[in-house]
Amino acid sequence: MSHTLAHNEVSFLEYQGKHKGIWGWLLTLDHKRIGIMYLVAILLFFFVAMTLGILMRLEMLTPGETIMKPQTYNSIFTLHGVIMVFLFIIPAIPAVFGNFILPIQIGAKDVIFPRLNLFSWYLYIIGGILAIISLFTGGGAADTGWTFYVPYSIRSAQNVSMATFAAFVLGFSSILTGINFIATIHRLRAPGMTWFRLPLFIWGLYATSWIQVLATPIIGITLALIILERMLGIGVFDPALGGDPLLYQHLFWIYSHPAVYIMILPAMGVVSEILPTFARKDVFGYKQIAISSLGIALIGYLVWGHHMFASGMSNTSRVVFSLLTFLVAIPTGVKIFNWVATLYKGSIKFSAPLYYVLAFIFIFSVGGLTGLVLGALATDVHVTDTYFVVAHFHYVMFGGMGIMFFATCHYWFPKVFGKMYNEKLAVIACTVIIIGFNILYFPMFIMGYMGMPRRYYDYLPEFQGWHVLSTVGSWILVSGIMFMFGNLFYALFKGTKAATNPWGGTTLEWRVPSPPPLENFDEIPVVTGGPYVHDKPTYIMHPSRELQHQNGGGKISQEVKSH
Amino acid sequence: MSDHEIAAVQEHSGHVVHRDDEGSKMGMWLFLFTELLLFGGLFLLYGGYRFEYSEGFKAAAADMNVFIGMINTVILLTSSLAVALSIAALQENKKTLSMGLLWFTQVCGLAFLVNKYFEWSHEIHNGIYPGGPALENMSNGEVIYFGLYYTMTGLHGLHVIVGMIFIGFVMVFIQRDKITSTNYQKLENAGLYWHLVDIIWIFLFPLFYLLH
């Protein structure tokens, strides 16, 4: 016991274990340090992909050549997609904050397989490095788009093999993280932490992890087949040898559509954390929000065909996929309405994370509703492969997951680093981001509706006004993002010290010091109530001491069962 | 609740490593799901193409050597039995018997691979491989059949090798008494993995050898 306490006197940031300095990080098994290592790597890739995005927008400022050749443009939009999707959006919230917060929120000292956790991080880094090497080797950066559609991905002279292999390795990393989280949530919940006392972030991660485990292997094998096809010509996707490119699209989207929910479910989980904290009341419809996460995961598994309405499917399957797509709106709507109802009659404290959440609800609703335009067969044919699609998925991906990643960075910043950021600057940055975001992406809906095709290097002069507006938006957005990270980065060094619970949060991570000690808890806590109860304590942090004071032994089980 | 306390598995550097056999088994099963889905993608392709090119698939499958395929099936099934028995043996503290059965499993794995090698080299010798002279003159269905044949049996073969390495590590642990009659979850996990390799073959065998 004294052993544990000695470890727990300093925070995980200061703790010196067997390995010192940089090795204390690179060889760490601590879920919190691994989470921060993910954060560093993910931010690095985010800035690379963001720069590529800026360059793309700059190229679209004028028709014809502005700053780059068509081949470069093709490579840049491919890499922007590959890096954003596989290296940022998919891992950002689960790998960074899932790793950091999940064990603390369920009352555990770590994830169940810490070594596997570190191994996942290394796989992530290897995948990232492979993606970067693929830029400079072989025929140059892949130019197929992030979807790697055959037959072009088989014929392209660029370095497609290595880019797909990078995605394969990243998929493996994602699978292992998923396995780790599922087993952790099943096995390491503190006494009294029943399924319906789990914070909703955990429910989001739980649903996400199942999708990661059950969908990612399919893209693994699909990408491996592209590599085999390129190296050996096995024929399964090559129309010249009898292969069917449509089967590739099916396999690709069987993973990649559920992957959309891998991206968004953790973000929705964070929304459900931030709202009760800043509305100072219990979340409205806890069970409905929890179950709707699983509902989205389940239905999301069966809607992949809506990416292929225009590529050749029977009318029956088109109608079925369209219907199933509409069904996703139901659990999503359940969440949105419950969130809004949580705010109703709450004593709301406006704060940067809450601003982001409100922006999320607005932007994500726009993204979700335009998703129905794409899910409906007739309208989809009109806007397929136009900027409308680009706008839609940026509204849901960036507006959904990206904005919530920023919210998360603010919400848990005091917990992770033990420092407070400048609230006023954070709100200004948030405002600039939201304005820039809408100026950047909203014109794309209009252009797409007018017929501007996606991925085109050149365009007709009548689109230029919208393109210029959009490019200006990208500058505003990026300034906002730089300002936001600048504010956080400054706080990292100069911020005031954060209290244990600066926001008045009710979940377990707000009961341990900021930053948490190495083993999170001196003693595994006992949970006696739901996660968002504001008016009475629902955790017994030192059960051996506190419970003995009251009634002696036997009290724990009574206390735990009383709910 | 005591269950939860046992389950508190933490392995920070320098700390005592607690055990959670149930959690470890759960992790393995989840991993096996991912393996099934990895092959699932290929089975889906097989199904699609079998539907599209049933004639070509029949013609190509007629060329396969059912006898070698059957021998390999028997080998893998026997080896799976051996792994299962080795767990039972270790549980009863019969370390030598357990090790013997695992050695037998390794020999079976090797025999499977040797058979596979002869089978593949026979096909390749006859010019049946992606881009090979014989395959170029065949119908699309046959080309796809052999493309899938090499991919699926190749990926399966890779899993046989991984399984053998896995069992090899477990054998070292048993030898060093790291895996014992009271702490055998790693052996059980290796056994689970080996059964998966076996089960996938049980589907590959009829699909490529028996369905003419």
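Considering the conditions (1) part of a helix (DSSP H, G or I); (2) touching a Leu at 6+ places or on another chain (Cβ under 8 Å); (3) crowded, with 20+ Cβ neighbours inside 10 Å, B:LEU102 is excluded by exactly one of them, (2). The conditions of being outside any helix (DSSP H, G or I) and away from chain A (no Cβ under 14 Å) are met by B:ASP177. With respect to (1) closer than 22 Å to A:ILE218 by Cβ; (2) more than 14 Å from chain B (Cβ to nearest Cβ), the lone exception for A:VAL150 is condition (2). Taken over region A:450-467, the residue count meeting the criterion of being assigned to a helix (DSSP H, G or I), in contact with a helix residue (DSSP H, G or I) (Cβ under 9 Å, 6 or more places away or on another chain) and surrounded by fewer than 19 Cβ atoms within 10 Å (Cβ to Cβ) is 3.
Rundown of residues vs (1) within 14 Å of chain B (Cβ to nearest Cβ); (2) over 30 Å from B:LYS186 (Cα atoms); (3) in a helix (DSSP H, G or I), yes/no style:
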site	(1), (2), (3)
A:ASP110	yes, no, no
A:LEU118	yes, no, yes
A:GLY128	no, yes, yes
A:ALA131	no, yes, yes
A:GLY140	no, yes, no
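Criterion first (assigned to a helix (DSSP H, G or I) and more than 14 Å from chain A (Cβ to nearest Cβ)) does B:PHE166 satisfy it? Here the answer is yes, as B:PHE166 does meet what is asked. Scanning region A:156-168 for residues that are touching a residue at least 24 places away in the same chain (Cβ under 8 Å), surrounded by fewer than 24 Cβ atoms within 10 Å (Cβ to Cβ) and farther than 13 Å from A:ILE218 by Cα gives A:GLN158, A:ASN159, A:SER161, A:MET162, A:PHE165. Screening region A:222-237 for residues that are touching a residue at least 12 places away in the same chain (Cβ under 8 Å) and within 14 Å of B:GLY48 (Cβ to Cβ) and picking the one that is farthest from the other protein chains (Cβ to nearest Cβ) gives A:PHE237.
For region A:238-249, check the following and say yes or no: at least one residue is over 29 Å from A:PRO70 (Cβ atoms), at pLDDT 95 or above, out of contact with any Lys or Arg (no Cβ under 6 Å at 6 or more places or on another chain) and within 12 Å of chain B (Cβ to nearest Cβ). No, the conditions are met nowhere in region A:238-249. Of the set (1) in contact (Cβ under 8 Å) with a residue 40 or more places away in the chain; (2) buried (at least 23 other Cβ atoms within 10 Å of the Cβ); (3) facing chain B (nearest Cβ under 9 Å); (4) not acidic (Asp, Glu), all apply to A:LEU214 but (2). Scanning region B:128-163 for residues that are surrounded by 14 or more Cβ atoms within 10 Å (Cβ to Cβ) and not in a helix (DSSP H, G or I) yields B:ILE128, B:TYR129, B:PRO130, B:GLY132, B:MET138, B:SER139. Just one residue in the set A:PRO543, A:PRO537, A:PRO513, A:PRO531 is surrounded by fewer than 21 Cβ atoms within 10 Å (Cβ to Cβ), out of contact with any strand residue (DSSP E or B) (no Cβ under 9 Å at 6 or more places or on another chain) and at pLDDT 85 or above; that residue is A:PRO537. Residue-level analysis places A:ILE83 outside the set of residues that are over 30 Å from A:MET60 (Cα atoms), assigned by TED's automatic domain parsing to the domain that holds A:LEU508 and part of a helix (DSSP H, G or I). Checking every residue in region A:143-158 against the condition of being aliphatic (A, V, I, L, M), over 16 Å from A:ALA259 (Cβ atoms) and in contact with a Leu (Cβ under 7 Å, 6 or more places away or on another chain) gives zero matches. For region A:309-330, state whether one or more residues are surrounded by fewer than 23 Cβ atoms within 10 Å (Cβ to Cβ), touching a residue at least 40 places away in the same chain (Cβ under 8 Å), under 18 Å from the mean Cα position of the chain (by Cα) and closer than 28 Å to A:VAL389 by Cα. Within region A:309-330, not a single residue is surrounded by fewer than 23 Cβ atoms within 10 Å (Cβ to Cβ), touching a residue at least 40 places away in the same chain (Cβ under 8 Å), under 18 Å from the mean Cα position of the chain (by Cα) and closer than 28 Å to A:VAL389 by Cα. Examine region B:8-22 for a residue that is modelled with pLDDT under 95, in a helix (DSSP H, G or I), surrounded by fewer than 17 Cβ atoms within 10 Å (Cβ to Cβ) and at the interface with chain A (Cβ under 9 Å from one of its Cβ atoms), and state whether such a residue exists. Yes - at least one qualifying residue is present in region B:8-22.
For A:LYS18, the test of being without any contact (Cβ under 8 Å) to a residue 12 or more places away in the chain and out of contact with any strand residue (DSSP E or B) (no Cβ under 6 Å at 6 or more places or on another chain) is passed.
Would region A:428-439 turn up any residue that is surrounded by 20 or more Cβ atoms within 10 Å (Cβ to Cβ), touching a residue at least 40 places away in the same chain (Cβ under 8 Å), farther than 30 Å from A:ASP385 by Cα and among the hydroxyl-bearing types (Ser, Thr, Tyr)? For region A:428-439, residues surrounded by 20 or more Cβ atoms within 10 Å (Cβ to Cβ), touching a residue at least 40 places away in the same chain (Cβ under 8 Å), farther than 30 Å from A:ASP385 by Cα and among the hydroxyl-bearing types (Ser, Thr, Tyr): absent.
Here A:HIS563 clears all of (1) at pLDDT 75 or above; (2) away from chain B (no Cβ under 14 Å) except the condition numbered (1). Being within 14 Å of chain B (Cβ to nearest Cβ), surrounded by fewer than 24 Cβ atoms within 10 Å (Cβ to Cβ) and of a type in the set (Ser, Thr, Tyr) is the requirement here; does A:THR194 meet it? Against the criterion (within 14 Å of chain B (Cβ to nearest Cβ), surrounded by fewer than 24 Cβ atoms within 10 Å (Cβ to Cβ) and of a type in the set (Ser, Thr, Tyr)), A:THR194 qualifies. The set of residues in region A:153-197 that are small (Gly, Ala, Ser), over 22 Å from the mean Cα position of the chain (by Cα) and in a helix (DSSP H, G or I) comprises A:SER153, A:SER161.
Checked against (1) away from chain B (no Cβ under 14 Å); (2) at pLDDT 95 or above, A:ILE34 meets all criteria but (1). When each of A:PHE88, A:PHE100 is tested for being touching a residue at least 12 places away in the same chain (Cβ under 8 Å), crowded, with 21+ Cβ neighbours inside 10 Å and within 20 Å of A:SER256 (Cβ to Cβ), the lone residue that passes is A:PHE88.
The values are calculated or read from the model by the stated rules, or taken from the named source; none is laboratory data. Keep in mind the model is a prediction, meaning the values are calculated, not measured. Note that each Cβ is placed from the backbone with ideal geometry, even for glycine, and that neighbours are counted across all protein chains shown.
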